[in-house]
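The values are calculated or read from the model by the stated rules, or taken from the named source; none is laboratory data. All figures in this text were calculated on a predicted structure; none of them were measured in a lab. With ideal geometry, Cβ positions are generated from the backbone for all residues, glycine too; neighbour counts draw on all protein chains shown.
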Amino acid sequence: MAAAAAQADPGGDWPMAAHDHANTRYSPLGQITPANARSLKLAFSFKLGPGRGQEAAPIVAGATMFIATPFPNTVYALDLSKPGAPLKWRFDPKPDPAAQGAACCDVVNRGVAYADGRVFMNTLDGQAIALDAASGRELWRTRLADIKKGETVTMAPLVVGDRVLVGNSGGEFGVRGWLAALDAASGRELWRAWSTGPDSEVRIGPDFTPHYAADRGADLGVKSWIGQAWQTGGGAVDGWLSYDAQANLVYHGTGSAAPWNPDQRPGDNKWTAGVFARNPANGQARWYYQWNPHDTWAYGGGNENVLLDMPYKGSARKILVHPDRNGYVYVLDRLSGQVLAADPFVAVTTGEGVDFASGKRKINPQKIPRTGQAVRDICPSSAGAKNWQPSAWSPRTKLLYIPHQDLCQDSATYDVSYIPGTPYLGMDNKMQPGPGGSRGALTAWDVAAGRKRWSIAERFPVWSGALATAGDVVFYGTMDGWFKAVDARSGVPLWRFKADSGIVGQPVSYRGPDGKQYVAVLSGVGGWAGAIVSNGLDPRDGTAARGFVNAMKDLPVYTGKGGTLYVFALP
Amino acid sequence: MSMHGRPFATRMPQPVRRPARLVSLVPLVLILAPAAAAAAPLQDALRAYGVQAEHIGRLWNFTLGLCALVFALVLAAFVCALWSARRGDAHTEPDISSLARPERGIYRIIAWAVGISTVGLLALLGADVVTSRALARMPLQDAVNIELIGHQWWWEARYKDADPARQFTTANELHIPVGRPVVVTLRSNDVIHTLWLPNLHGKRDMIPGRTSTLTFRADQPGTYRGQCAEFCGLEHAMMALLVVAEPDAQYQAWAARQRQPAPEPATSRTRRGREVFLGKSCAMCHAIGGTTANAVFGPDLTHLAGRGTIASGMLPNNRGHLGGWISDPQTLKPGVSMPANLMPQEDLHALLDYLETLK
Amino acid sequence: MSLRCPDTVLACFICLGAGLLQAGCEREQRPTRAPPAASGTGDPSFTAQGVLPADNRYEENAYAVSQGKVWFRTYNCNGCHGQGGGDSGPALMDGAWRYGADPASVYASIAHGRPNGMPAFGQRLPEDQIWQLAAYVRSMSGQLRIDVAPSRSDTLQASEPEGRREKAKTTVDTSGRAGQ
């Protein structure tokens, strides 16, 4: 069935990182099919530099492509109407280099957004900037974050009507999370909704009608914490935003609670590690659901919420599909926040599903971290069964294509001090491959049935986004540098291309000025999973990169740093 | 003929004149002194102020009595043996008649001795079992739950509650309600420590990586001093703890105060003091609730001014001692983790003014 | 039995013992009290005058290096640098350095911070502790003697103990300095 409120230009643009407000990442272009995909050829490429993780989605509006790079966050505009897509303009925002010390997960940027002739971008040092799409001239610039506290911005903004929605990063630094709405024309901040604290700051008011009893009560954003811990409680809004125009609700996740050591913050730690439905006009919350109460393993809740209108369990429903870090694919009623299903897509040792009466996740007490002790075989690891990397939906196959990893970890927690500007974690992790044997996979998930249809195992975590197209071809990239096309129905590999570096970006598809369908992706390994290469980490320390290095010691054999845009089309 | 040409025992040495009577009075004085200094914290294993210590005290008394009896009997037997031994001199042949045949009635004597010992040991075992059961059966309804974490060389106390907003953290001084059971969960942050509150219970080890539990109850109000009883480093001897047992209403009032963040400084001097605290090294190790200082390496100072002592029970908490401690803690506790803090005198006084507001 | 032999043997033992004692003394001292001059916070103006000492008095002292290891975790250095392998900050256990590998440069990096995200701790930490930290940081790449560098950690085992790491050949690559 139709994705909710698809706002994509039927002409084949890709105006925002998730393609549309429903976050389907589904391109309606059908020129590339399983029959001809093997003929895909490189149409052009563009060198980006610097050699850090290229996680952005190339944005296409009309005949221009906009690419955001990791720090120093240069934005390139390429003119697609000319052969070879030459550079139209570039914009260098000159962010503060000190921001690099506050970026937990590589100095990435997840993309810009295009609307009404403007391009909206975020810089690592926490500025939201609007540019004129045609000339690259800066229209306004608003500082939103304080890097001295360890607060940065890495997410791709979402434009809803005349507002630009921006959320912060920095939960790992004890930064209190927020989502802000800026006026698209002037950059003036209209409202800011915090992820912890009193109801007035979280923007919980008379409109708030959470489905579950655990989320009802006054000032739970203070009362579910010890002392003043909510002030450094995390809940960063560093993930994806989706929007239902009919219901006029923005859906966003809140990130992991701070510190990672759960013993230092007893209580449910609201409103971290959950999903909010808010009114974009004033930020007032409509409902909330907590994926991970007390966020025992620092999963957070920032993964994407894909909005679908489809028959579900017998009746036509407006649902929200969310593959969470805790290893479950959730289906929620997106108007009320009720959990309709929660089914695991990886091996999970930290819990056994959700209690549908209370809404709480049933957790395994044996895997709860204990200060001073090592707890082993925590699956999924703190990186989650799926991290930031976004999944794609095909309304034709009714499958959700989830790029993810399969990692477990050993953890030892310790009491950590909050020192502003330094990480606030308290957890030593060592990750290792999960029981499946391979560290990553692309899984096609049957949403209606609540189970896996097929899965392609990969050597490394699939840290790139997924792309689904109307031609029934699904694209994704691997960390060892392969950009792959597979049959959307069966998962049969159709085509692949070896890029000059691992791929952690979001593939997109657009219709070029010549009418052909193009597929574009950035290569350049990095992100949290690729930090061993992008940041030159030492594999001898298993706890480096919060344990990720232990599971990725062989990555440097397969890929070096990079930074290139690749665009493919049929000949 | 002896080997070295001198007889075994020729003459008893002359008794040495010693102020024996006065010396024997010293233990008595030490025992009685706490009673005399009633206001000073009590640290006395022989005086039980809680039900657990009473059980242990009874076991102690019984053991002491039984062992004293045994000791007296053995001593008496020894004296008897000495008295009834044949007097002799260097030329007397040793009596080796027992090599040829056993002493008259020897088996009977041995049987009696073994029998009495066995009975005695069984009595001790029984007393021990009874005591252990009594200790384990202390009722735990309406208990106060405290997580006590040993650090080198101070005590961190986290008061637990089902409602996270009612939990709080303090250091080195526990308040407990009289008559209510207290369940203390013990952990250690670094090396093995041992909690010992002699007036309230016996010792319990705090082993890093493990959790142990101690349950006790104070039955009379008072201030009880405890200390670390497992060598834990340079300053093991300076790691004391105060437990203040007070009526429940007072305890609730104290707990309610502990839950509050630190008050906003009201004068410019106290504001300067807070700036000094947050701007210098203090906030790298200490926490004051309600400010950005939230470090956990050193004790939580949110309610420092309400404590009777500083430096883990070693110094009285007054301006002079606090100033000296902040300036150079190494003088009192060399090797303690807190470094010397050189700062201008006005800054130190402003800081002390601010710390004095943290009630 | 000659009378002179035991005396010679005794003399040998005394000399050997004195030698060992001398070598061990330095390592075994526990300078718990910082020199008064180093008890203030590490004022950044210190190095502006170019008066940083060339070597670190603590690099021969096991207690100081182990204290440095305590500060490394206490002040959240491990949050950005892992246990030497790095995270958002660079690895410290390899031989690659951006601003210099000698004790004075390491001290300056910690006290003054560096432009690409290393905070300045000079105002927040006593100078003496920064020297201890610098000594520990250098031990992470095996620059210190095995009897001075720390041995097995108390944490989840991440890597070989510092004392067992091979001394990394240090290189200074300044290309990463002024923004990447």
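A few notes on this one:
- So A:Val321, is it in a strand (DSSP E or B), within 24 Å of A:Pro390 (Cβ to Cβ) and at pLDDT 95 or above: yes
- Criterion applied to A:Gln432, A:Gln366 was being farther than 30 Å from A:Ala17 by Cβ, within 14 Å of chain C (Cβ to nearest Cβ) and either more than 24 Å from the chain's Cα centre (by Cα) or outside any loop (DSSP other than H, G, I, E, B) (or both), and the one residue passing it is A:Gln432.
- Any hit, the range A:43-62, residues being of a type in the set (S, T, N, Q) and surrounded by fewer than 19 Cβ atoms within 10 Å (Cβ to Cβ): yes
- Out of A:Pro423, A:Pro461, one residue alone is assigned to a loop (DSSP other than H, G, I, E, B) and touching a helix residue (DSSP H, G or I) at 6+ places or on another chain (Cβ under 7 Å). It is A:Pro423.
- Cβ pairs under 6 Å, 6+ apart, first in the range A:185-209 and over 26 Å from A:Trp140 (Cβ atoms), second aliphatic (A, V, I, L, M) and buried (at least 18 other Cβ atoms within 10 Å of the Cβ): A:Pro198/A:Val222; A:Ile204/A:Ala285; A:Phe208/A:Ala285
- Failed condition for A:Asp514, given (1) modelled with pLDDT under 95; (2) within 14 Å of another protein chain (Cβ to nearest Cβ): (2)
- Those residues of the range A:257-295 which are buried (at least 24 other Cβ atoms within 10 Å of the Cβ), of a type in the set (S, T, N, Q) and more than 14 Å from every other protein chain (Cβ to nearest Cβ), in sequence order: A:Gln290, A:Asn292
- The range A:392-422, residues that are within 20 Å of A:Gly171 (Cα to Cα) and either under 21 Å from the mean Cα position of the chain (by Cα) or without any contact (Cβ under 8 Å) to a residue 12 or more places away in the chain (or both): A:Ser417, A:Ile419
- Taken over the range A:168-202, the criterion of being more than 18 Å from the chain's Cα centre (by Cα), within 21 Å of A:Glu151 (Cα to Cα) and not in a strand (DSSP E or B) is satisfied by A:Phe173, A:Gly174, A:Val175, A:Arg176, A:Gly187, A:Arg188, A:Thr196, A:Gly197, A:Pro198, A:Glu201, A:Val202.
- Subset of the range C:143-176 [within 11 Å of another protein chain (Cβ to nearest Cβ), assigned to a loop (DSSP other than H, G, I, E, B) and either out of contact with any strand residue (DSSP E or B) (no Cβ under 8 Å at 6 or more places or on another chain) or over 21 Å from C:Ala96 (Cβ atoms) (or both)]: C:Ser153, C:Asp154, C:Thr155, C:Leu156, C:Gln157, C:Ser159, C:Glu160, C:Arg165, C:Glu166, C:Ala168
- In the range A:521-544, residue surrounded by the fewest Cβ atoms within 10 Å (Cβ to Cβ) [restricted to those that are small (Gly, Ala, Ser) and either away from chain C (no Cβ under 12 Å) or within 16 Å of the chain's Cα centre (by Cα) (or both)]: A:Ser523
- Set side by side, the residues A:Ile532, A:Ile503 differ, and just one is touching a residue at least 12 places away in the same chain (Cβ under 8 Å), touching a strand residue (DSSP E or B) at 6+ places or on another chain (Cβ under 6 Å) and within 27 Å of C:Ala91 (Cβ to Cβ), which is A:Ile503.
- When B:Tyr159 is tested against (1) more than 17 Å from B:Thr63 (Cβ to Cβ); (2) hydroxyl-bearing (Ser, Thr, Tyr); (3) surrounded by 13 or more Cβ atoms within 10 Å (Cβ to Cβ); (4) not assigned by TED's automatic domain parsing to the domain that holds B:Ser188, only condition (4) is not met.
- B:Gly150 within 12 Å of another protein chain (Cβ to nearest Cβ), in a strand (DSSP E or B), crowded, with 17+ Cβ neighbours inside 10 Å and on the phi < 0 side of the Ramachandran plot: yes
- Picking from residues in the range B:292-316 that are closer than 13 Å to B:Pro261 by Cα and part of a loop (DSSP other than H, G, I, E, B), the one that is nearest to the other protein chains (Cβ to nearest Cβ) is B:Thr292.
- Among the residues of the range B:330-359, those that are more than 10 Å from chain C (Cβ to nearest Cβ) and in a helix (DSSP H, G or I) comprise B:Gln345, B:Glu346, B:Asp347, B:Leu348, B:His349, B:Ala350, B:Leu351, B:Leu352, B:Asp353, B:Tyr354, B:Leu355, B:Glu356.
Quick grid of which residues meet (1) closer than 16 Å to A:Ser27 by Cβ; (2) crowded, with 24+ Cβ neighbours inside 10 Å; (3) not hydrophobic (A, V, I, L, M, F, W, C):
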position: A:Thr469; (1), (2), (3): yes, yes, yes
position: A:Gly515; (1), (2), (3): yes, no, yes
position: A:Arg546; (1), (2), (3): no, yes, yes
position: A:Pro571; (1), (2), (3): no, no, yes
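- Of all residues in the range C:59-114, exactly one satisfies the criterion of being assigned to a loop (DSSP other than H, G, I, E, B), among the polar types (S, T, N, Q) and touching a Phe, Trp or Tyr at 6+ places or on another chain (Cβ under 8 Å), namely C:Asn76.
- Selected residue [in contact with a helix residue (DSSP H, G or I) (Cβ under 9 Å, 6 or more places away or on another chain), among the small types (Gly, Ala, Ser) and not in a strand (DSSP E or B)] from A:Ala134, A:Ala99, A:Ala85: A:Ala99
- Qualifying strands (runs of 3 or more DSSP E) (wholly inside the range B:206-290; at least 1 residues being within 14 Å of chain A (Cβ to nearest Cβ) and farther than 19 Å from B:His175 by Cα): B:212-217
- Residue match in the range A:470-487 (condition: in contact with a Pro (Cβ under 9 Å, 6 or more places away or on another chain), within 14 Å of another protein chain (Cβ to nearest Cβ) and in a loop (DSSP other than H, G, I, E, B)): no
- Summed over the range B:153-181, the residues that are facing another protein chain (nearest Cβ under 9 Å) and at positive phi give a count of 0.
- Matching residues in the range B:123-132 - criterion: being surrounded by fewer than 16 Cβ atoms within 10 Å (Cβ to Cβ) and either under 30 Å from B:Val191 (Cα atoms) or touching a strand residue (DSSP E or B) at 6+ places or on another chain (Cβ under 8 Å) (or both): B:Asp128, B:Ser132
- Set A:Gln100, A:Gln127: member being closer than 28 Å to A:Asp146 by Cβ and within 14 Å of another protein chain (Cβ to nearest Cβ): A:Gln100
- Matching entry among C:Gly68, C:Gly86 (being within 14 Å of chain A (Cβ to nearest Cβ) and at pLDDT 85 or above): C:Gly86
- Residue in the range A:473-480 that is surrounded by fewer than 24 Cβ atoms within 10 Å (Cβ to Cβ), under 22 Å from the mean Cα position of the chain (by Cα), touching a residue at least 60 places away in the same chain (Cβ under 8 Å) and more than 16 Å from A:Cys105 (Cβ to Cβ) present: yes
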